[in-house]
Amino acid sequence: MPEVYIALGSNLDDPVRQLDQAVAALKALPKTHWHVVSPYYYSKPMGPDDQPDYVNAVARIDTRLTPLALLDRLQWIERRQGRVRKSVRWGPRTLDLDLLLYGRKRIRQRRLIVPHYDLAERDFVIIPLLDVANGDLNIPGIGLLSALKQKHKKSGLVKIVQHV
Ligand code: ROI
């Protein structure tokens, strides 16, 4: 089964709860083996800064769902958690689930670009990805994950300490 990484983000309506709920939904996906979710991080919004800080994380699963079947499932989870697609680009959202990597596949379709087009530039993706993937993960078209580490070393991300 391909190794699949999914980015989670939320900045509305109790973001930590949104991510907890999304993790539960990912764990319940059919044809899928759950691995792990990274720690959650607070991050400053990329895009318009008149919106709340985000909570971000990255999850790893193995799945036999095809990329588009998985995308359908992710969008269904987003909608169920109150995601409304607005005209404002990069506006706030209750839940964002981005398919970052699907094994070694490169996908360029109207609905889906994998690896995620902006993955390497986003500290709120790379930092949690480093928590759950090996540095020797080779990202198609980009290269070794470990090579991106330096670039995001001084990120402003703040790890959320989990109270168990
Ligand atoms: N900014 C942060 N920090 N985290 C996100 O998950 C996020 N998601 C987005 C945009 C609006 C680009 N900005 C973000 O979609």
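Any read-out appearing in this document is the output of simple, stated calculations on the displayed coordinates, not a laboratory observation. This structure is a prediction, so every number in the text was calculated from the model and none was measured. In this analysis, Cβ positions are derived from the backbone assuming ideal geometry, glycine residues included, and neighbour counts consider all displayed protein chains.
Return yes when residue 70 is under 13 Å from the mean Cα position of the chain (by Cα) and within 18 Å of residue 133 (Cβ to Cβ) and no when it is not.
no
Within the stretch 98-135, can you find the residues that are near the ligand (Cβ under 10 Å from one of its atoms) and either over 14 Å from the mean Cα position of the chain (by Cα) or not in a loop (DSSP other than H, G, I, E, B) (or both)?
Within the stretch 98-135, 98, 123, 124, 125 qualify.
I'd like the full set of residues that are in contact with a strand residue (DSSP E or B) (Cβ under 8 Å, 6 or more places away or on another chain) and either assigned to a helix (DSSP H, G or I) or under 19 Å from residue 82 (Cα atoms) (or both), limited to the stretch 30-56.
Correct list: 53, 54, 55, 56.
Only one residue in 49, 14, 53 is within 11 Å of the ligand (Cβ to nearest atom), out of contact with any Leu (no Cβ under 8 Å at 6 or more places or on another chain) and closer than 21 Å to residue 128 by Cα. Which one?
53
Would you call residue 1 within 19 Å of residue 137 (Cα to Cα) and of a type in the set (A, V, I, L, M)?
yes
Sort out which residues of the stretch 24-44 are surrounded by 17 or more Cβ atoms within 10 Å (Cβ to Cβ) and within 15 Å of the ligand (Cβ to nearest atom), and write them in order of number.
Listed by number, the residues that qualify are 37, 38, 40, 41, 42, 43.
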